[in-house]
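J.: Mind having a look at this structure? Questions to follow.
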Amino acid sequence: MAVSCCLGSSNIALSSIFDFLFGRGETLPETTVTIITKLRIPRVLTAALIGGALASIGAVMQGIFKNPMADPSVLGISSGAALGAAIAIVVGLNGVIIGAFTGAYIGAVIGAVLTWFIIITIAKSSGEYDTSSTLLAGIATSSLMSALITVIMTLNLQKMERIYMWMLGTFSASTVSKTIILAIVVMLGLIALIIFAPMIDVLKLGKETAETLGVKQGRTLAILMTISSIILAFCVANAGVIGFVGLIIPHIVSFFKVYKMRSKIIMCFLVGAIFTVICDTICKIVIAPGELPIGAVTSLIGAPYFLFLLLKARRQNGGAL
Amino acid sequence: MNLEISNLSLKINNKTILDGITTTFEEGKITVVLGPNGCGKTTLIKEIIKKYADTKELAYVAQETTGYLNLMVRDVIELSRYSNNKFYRGLSAEDKEAIEQAIEMMDIEDKQNQLFDTLSGGEKQRVMMARALAQETDWLILDEPTSNLDASHVRKINDAVRQAKSAIVVMHDINEAARLGDKYILMNNGRIIEESNTLTEDLLDKTFEMDFSKMVTSDGQTIFYLAKQQESKRAQ
């Protein structure tokens with residue numbers, strides 16, 4: 001994280017970062033301190049929080065749908081949040097409400113929750129939630145949402161750049177106040193998910209068995225998906241749609257034999273945070289002073305590693321990750 | 001506690017699945033539910049669970065466990081103790097004892113640290129049976145628990161059912177059912193055709209719309225079978 005703080009369009013020596021972190025900041029030039037506190041630290045924290053949150057939510061969704069391919073972007077909930085945020089910006093609801101809390105957040109939350117509701121309604125019509133219909137519904141919804149975003153962008157060329165950010169994902173717009181809001185939402189949400197985590201394991205045994213153990217499927221899913229959608233909406237409103245983190249990190253964590261949901265969510269948060277900070281650092285340095293979109297880098301690093309894990313798992317235990 | 005169902009009818013997409021079911025499953029008895037495929041046995045069981053799940057006195061094993069669980073066998077069995085403490089603290093000595101006993105009974109000691117998803121169908125059934133036993137409930141409700149099992153493990157499951165206080169078992173093997181049940185509920189087309197304490201050829205004929213014969217082996221067991229002529233007729 002400290003290394004990521006040094007790197008960017010203007011380089012800061014690693015020693016300066018440590019000087020700053022260990023309270024010897026007064027010896028540093030004022031511009032350096034400003035860059036560290038206003039730009040670099042918010043950005044690294046945002047990357048860590050969002051990466052960790054996406055990975056944890058990915059683990060939750062793979063557990064709920066009993067499907068190793070489930071993930072917020074595959075299910076279309078990320079695009080739903082992006083669409084909500086895009087609509088909020090276009091209709092001019094992006095004004096500040098309190099502090100850095102803008103209309104885009106509200107749009108994203110509504111978008112995410114609505115998408116989730118559409119998917120679960122379609123998935124539920126087949127009786128159980130663990131069927132491929134959930135995933136297909138998600139993929140279709142995701143395409144629909146992306147198409148709608150494209151339409152909105154084309155109709156509002158003057159705001160296109162702003163909306164385009166949601167399609168690619170970036171941490172470059174991180175500010176101190178945005179980071180604080182994000183940190184509060186992610187931390188509260190994560191604590192709630194950790195509390196409810198064992199219920200996800202119980203649900204995996206099937207609806208009836210879960211009921212005999214005192215876990216009601218409908219109610220539990222509603223709680224878990226509401227929490228996940230809210231966290232996700234804030235991540236998307238801050239940094240856009242970042243694919244793949246939610247899909248691969250839970251598999252990486254499983255590969256190290258962490259299976260129970262409570263430990264898995266915690267591990268996913270840590271691994272997801274580290275992974276995303278590394279990816280964001282790469283974004284900043286490869287074509288400096290320009291930047292790569294974070295989504296491209298997470299996929300570029302994540303996809304080959306995922307294929308490697310898949311291959312290794314096939315050799316070890318017949319395909320099950 | 002007896003489990004009672006009265007005048008239960010259920011339609012899904014205009015198709016009658018259950019049609020005016022009224023029955024009582026008595027405590028302390030093994031009730032076997034028999035009937036052709038699609039006659040509503042599984043639906044009936046699910047309705048019982050819906051009605052009585054809150055008593056926390058039912059343990060259920062489904063026909064099969066589908067989807068990606070991504071849990072170790074040991075984790076799956078430990079979930080049986082969820083309703084005791086919701087896992088806010090670790091397992092108690094009592095929890096651990098119930099789990100160990102169930103694992104031993106289902107002969108899966110060597111599978112504990114394997115991923116559930118990598119097991120065969122029969123192994124998964126034994127794990128789910130162990131999980132149900134570790135729940136230590138008054139009632140065991142099993143939907144075709146022995147369909148994927150070899151003979152020695154069928155016996156293990158049947159022994160476990162006999163040790164249970166009360167059980168409802170859906171079965172397809174008529175002779176296995178004849179050895180296991182205290183009471184039989186015979187279903188066809190969403191209806192209960194008859195309830196009986198013993199199985200007879202006539203009851204089976206009515207239920208399955210076939211012609212059963214019976215013989216008694218030298219060690220005194222009753223075996224039901226279909227006459228050869230009829231089997232070949234069906235094949236045509």
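J.: How much of the DSSP beta bridge set in the protein assembly as shown is antiparallel, as a percent to the nearest 5?
T.: Roughly 55 percent of the beta bridges in the protein assembly as shown run antiparallel, per DSSP.
J.: Now for a separate question. Enumerate by residue number the chymotrypsin sites (Phe, Trp or Tyr not before Pro) in the stretch A:182-287 meeting two conditions: DSSP loop (anything except H, G, I, E, B), and at most 14 other Cβ atoms within 10 Å of the site's Cβ. Can you show the working numbers first?
T.: Values: sites: A:Phe196, A:Phe234, A:Phe244, A:Phe255, A:Phe256, A:Tyr259, A:Phe269, A:Phe275; in loops: A:Phe244, A:Phe256, A:Tyr259.
Sparse-neighbourhood loop chymotrypsin sites (Phe, Trp or Tyr not before Pro): A:Phe256.
J.: Still on this structure: Leaving ligands, DNA and RNA out of it, report the carbon-plus-sulfur percent of the accessible area of the stretch A:214-293 at a 1.4 Å probe.
T.: Values: 2020 of 2680 Å².
Carbon with sulfur: 76 percent of the solvent-accessible area.
J.: Give the A-B buried accessible area in Å², both sides summed, 1.4 Å probe, nearest 100.
T.: That pair of chains buries around 2700 Å² in total.
J.: Something else about it: For chain B, what proportion of DSSP beta bridges, expressed in % and rounded to the nearest 5, is antiparallel?
T.: Values: 18 of 35 bridges.
Counting only bridges with both partners in chain B, antiparallel ones make up about 50 percent.
J.: Using alpha carbons only, how many angstrom separate the centre of the stretch A:138-207 from the centre of the stretch A:235-270?
T.: 14
J.: Using alpha carbons only, how many angstrom separate the centre of the stretch A:39-76 from the centre of the stretch B:24-103?
T.: 32
J.: Round to the nearest 10 and give me the degree value, 0 to 90, for the angle of helix A:245-255's Cα axis relative to the longest principal axis of chain A.
T.: Long axis of A:245-255 versus the principal axis of chain A: about 70 degrees.
J.: Please report the relative contact order for the stretch A:227-301, taking Cα pairs under 8 Å with a sequence separation of at least 6, and give it as a percent rounded to a whole number. Don't skip to the end; give the middle numbers.
T.: Details: 45 pairs, mean separation 23.7, N = 75.
Relative CO of the stretch A:227-301 lands at 32 percent.
J.: Regarding the stretch B:1-66, what are the three Cα extents along the principal axes, ordered largest first, in Å?
T.: 34, 31, 23
J.: Specify the angular offset, from 0 to 90 degrees and rounded to the nearest 10, of the alpha carbon long axis of helix A:217-239 from the longest principal axis of the alpha carbons in chain A.
T.: Its long axis makes an angle of about 20 degrees.
J.: Expressed in nm², what is the orientationally averaged projection area of the convex hull enclosing the Cα positions of the stretch B:40-82? Provide the component values of the computation, followed by the final result.
T.: Values: hull surface 15.3 nm².
Directional mean of the projected Cα hull area for the stretch B:40-82 stands at 3.8 nm².
J.: Continuing with this model, one more query. Beyond a 27 Å Cα-Cα separation, which of these cross-linked pairs lie in this structure: B:Lys51/B:Lys165; B:Lys50/B:Lys165; A:Lys178/A:Lys216? Let's see the in-between values first.
T.: Numbers: B:Lys51/B:Lys165 20 Å; B:Lys50/B:Lys165 21 Å; A:Lys178/A:Lys216 36 Å.
From B:Lys51/B:Lys165; B:Lys50/B:Lys165; A:Lys178/A:Lys216, over 27 Å: A:Lys178/A:Lys216.
J.: Further, regarding this structure: So how compact is chain B: Cα radius of gyration and Dmax in angstrom?
T.: 18.9, 63
J.: When Cβ neighbours within 10 Å are restricted to other protein chains, what is their mean count per residue of peptide B:62-69?
T.: Working: counts 5, 0, 1, 5, 5, 10, 12, 8.
Counting other chains' Cβ atoms within 10 Å and averaging over B:62-69 gives 6.
J.: Rg and Dmax of the stretch A:167-251, Cα atoms, in Å?
T.: Rg and Dmax of the stretch A:167-251, Cα atoms, are 15.7, 49 Å.
J.: Also: Quick check: at a probe of 1.4 Å, how many percent of the accessible area of the stretch B:74-179 sits on carbon and sulfur atoms? Walk me through the numbers before you get to the answer.
T.: Values: 1820 of 4390 Å².
Here it works out to 41 percent.
J.: Taking the solvent-accessible surface of protein heavy atoms with a 1.4 Å probe, what is the per residue accessible area of the protein assembly as shown in Å²?
T.: Values: 24500 Å² over 557 residues.
Accessible area per residue, the protein assembly as shown: 44 Å².
J.: Along each of its three principal axes, how wide is the spread of alpha-carbon positions in the protein assembly as shown, in whole angstrom units, largest first?
T.: That gives 99, 50, 44 Å along the principal axes, largest extent first.
J.: Listed here are the pairs B:Lys183/B:Lys214; A:Lys66/B:Lys206; A:Lys312/B:Lys124; A:Lys204/B:Lys56; B:Lys15/B:Lys228; which of them are more than 30 Å apart at the Cα? The partial results should precede the final answer.
T.: Numbers: B:Lys183/B:Lys214 19 Å; A:Lys66/B:Lys206 41 Å; A:Lys312/B:Lys124 24 Å; A:Lys204/B:Lys56 18 Å; B:Lys15/B:Lys228 35 Å.
Violating the 30 Å Cα-Cα cut-off are A:Lys66/B:Lys206; B:Lys15/B:Lys228.
J.: If you count, for each residue, the other Cβ atoms within 10 Å and average over each peptide, how do B:19-32, B:211-224 line up from highest to lowest?
T.: Details: B:19-32: 16.7, B:211-224: 11.1.
Packing order, densest peptide first, comes out as B:19-32, B:211-224.
The values are calculated or read from the model by the stated rules, or taken from the named source; none is laboratory data. Just so you know, these numbers come straight off a predicted model, no measurement behind them. Virtual Cβ from ideal backbone geometry, glycine too; neighbours counted across all protein chains shown. Keep in mind that these areas ignore ligands, DNA and RNA; they rest on the heavy atoms of the full protein, side chains included. Shrake-Rupley method; radii C 1.70, N 1.55, O 1.52, S 1.80 Å.
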